[in-house]
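Below is one structure; the comments refer to it alone.
The numbers here are math on the coordinates, done by the rules we state, and not lab data. If you're wondering where the values come from, they're calculated on a predicted model, not measured in any experiment. Quick reminder, even Gly has a Cβ in these numbers, built from the backbone with ideal geometry, and neighbours come from all protein chains shown.
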Amino acid sequence: MQSPGLAVVNDPSAWQRLENYVCDIIRTFGRDDRILMWDLYNEPGNRKQDERSLPLLCKVFEWARGLEPSQPLTAGIWTSNRVMNTFLVEASDLITFHNYDTAEVLTAEITELRQYGRPLICTEWLRRGYSEVATCLPVFKKEQVGCCNWGLVSGKTQTIYPWGSLEGGSEPPLWFHDLLRSDGSPFNPEEVQLFKTLCS
């Protein structure tokens, strides 16, 4: 489900509801030390919105910044759109990004993003067949870059299936995302062991 949806993104008269939501959440938790950061907008420009998402993205940062939360603000770099990425770098307190590619591509992106001199966190990764735990997790460790898995436990979001999968398919032999089954057991025990080894 896309949220808030293309019609809302492109209609400033519909943004009051979004402002109310953002401001309510940040007013409530903007000084809570359990919050690491505020990732304000997931993949701006997605669904062929390109730079049409930029006005709303600017507003979301404006709303959040005006409340002066103690936590840093960010939104992830995930595309090659230069205009969008320039804004994201300038507006974000720390640099977050998405990378679903090989360890080599991940390493190159980290090298490129280091030029901004800010902490780096990859807020989406792991796409088995491309971005693997065995090859990418050691890159994050070596480069001292934080990372968050998009999928963690197999469940209602169905992230064990590749993007574009038809509904109702059987469990794929190679999960796309997710690390754990619904009972807490690992999809791949070797992956979990690598997390324990590198992240302890």
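Here the residues Asp24, Asp50, Asp183, Asp39, ranked from fewest to most Cβ neighbours within 10 Å of their Cβ, fall in the order Asp183, Asp24, Asp50, Asp39. Averaging the sequence gap over all C-alpha pairs within less than 8 Å and six or more residues apart, then dividing by the number of residues, gives segment 122-200 a relative contact order of 33 percent. Taking amide H as placed 1.01 Å from N in the peptide plane, Gly155 has its amide H under 5 Å from the amide H of Ile160, each at least 5 places away in sequence or on another chain. Taking Glu43, Glu167, Glu90 as the candidate residues, the one with maximal mean-square fluctuation in a Gaussian network model of the chain, Cα springs under 10 Å, is Glu167. Per residue, the average separation of C-alpha pairs within less than 8 Å and at least 6 apart gives segment 48-149 a relative contact order of 22 percent.
Counting only Cβ charges, +1 for Lys and Arg and -1 for Asp and Glu, the dipole size of segment 122-200 around its Cα centre is about 180 debye.
For Lys141, the aspartates and glutamates whose Cα comes closer than 16 Å to its Cα, not counting residues fewer than 8 places off in the same chain, are Glu104, Glu109, Glu124, Glu132, Glu191. Between Ser13, Ser131, Ser53, the GNM of the chain built on Cα springs shorter than 10 angstrom shows Ser13 fluctuating the most. Which one of Gln144, Gln71, Gln16 has the biggest mean-square fluctuation once the chain is modelled by GNM with Cα springs under 10 Å? Among Gln144, Gln71, Gln16, the largest mean-square fluctuation in the Gaussian network model of the chain belongs to Gln16.
Normalising by the residue count of the chain, find the relative contact order in percent from Cα pairs under 8 Å and 6+ residues apart. RCO, the chain: 13 percent.
Note on Lys59: aspartates and glutamates with a C-alpha under 19 Å away, same-chain residues under 8 apart excluded, are Asp11, Glu19, Asp24, Asp39, Glu43, Asp50, Glu51, Glu68, Glu90, Asp93.
Quick check on the chain: helices-only [θ] at 222 nm, where DSSP H runs of length 4 and up contribute -39,500 (n - 2.57) each and the sum goes over total residues. Nearest 500, please.
Helix-only estimate at 222 nm: -11000 deg cm²/dmol.
Based on the reciprocal of the average 1/r between different C-alpha atoms, the Kirkwood radius for segment 1-93 equals 13.6 Å.
Just need log10 I(q)/I(0) for the chain at q = 0.15 Å⁻¹, Debye formula, equal scatterers on the alpha-carbon atoms, no solvent, rounded to two decimals. Per q value, in the given order, log10 I(q)/I(0) is -1.08. For Lys156, the aspartates and glutamates whose Cα comes closer than 18 Å to its Cα, not counting residues fewer than 8 places off in the same chain, are Glu167, Glu171, Asp178, Asp183.
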